[in-house]
Amino acid sequence: MDKYIKIFVLISSRYFILAGAFFYVFYILLKKKKEGKKIQRNFPENLHYKREVFYSILTILIFSIVPVVFIQNEKSHQQPCYTPKSHRKDGCILSQSFRS
């Protein structure tokens, strides 16, 4: 769980720094200057911003799972379903049944 939190913090900090910088530049600093060039004339309400931040955090939570799985698996240097049957504890029976 500690690795998951570290990876989540790393991914989310990168995302929010980059996305926050673009948001600050285009929606705060250049709001008046670029107003005539926008496709959609109305600016979103705060509720829409909150929803987008929620979906971003949810996406980061989901995509943080993948590195944790691969980092955990890196220790064994093998995929768990392809370890010898005598060493396997997770019961990957289906992958073994197709072997010759």
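No value in this document is a laboratory result; all are computed from the given coordinates. All values derive from a computational prediction rather than experimental measurement. Cβ coordinates were reconstructed from backbone atoms using ideal geometry, including for glycine residues, and neighbour counts include every protein chain displayed.
List the GluC sites (Glu not before Pro) within the stretch 16-61 that fall in a DSSP loop (any state other than H, G, I, E or B) and whose Cβ has at most 16 other Cβ atoms within 10 Å.
Here the sparse-neighbourhood loop sites are 45.
In order along the stretch 56-69, phi translates into HN-Hα couplings of 5, 5, 4, 5, 5, 4, 5, 6, 7, 5, 4, x, 4, 4 Hz, rounded to whole numbers, per the Karplus curve 6.51 cos²θ - 1.76 cosθ + 1.60 with θ = phi - 60° and x for Gly and Pro. For the stretch 17-61, the Stokes-Einstein estimate of translational diffusion at 20 °C and a viscosity of 1.002 mPa s comes to 181 µm²/s, using the Kirkwood hydrodynamic radius over alpha-carbon pairs. Sorted ascending by nearby beta carbons within 10 Å, beginning with the fewest, 5, 11 become 5, 11.
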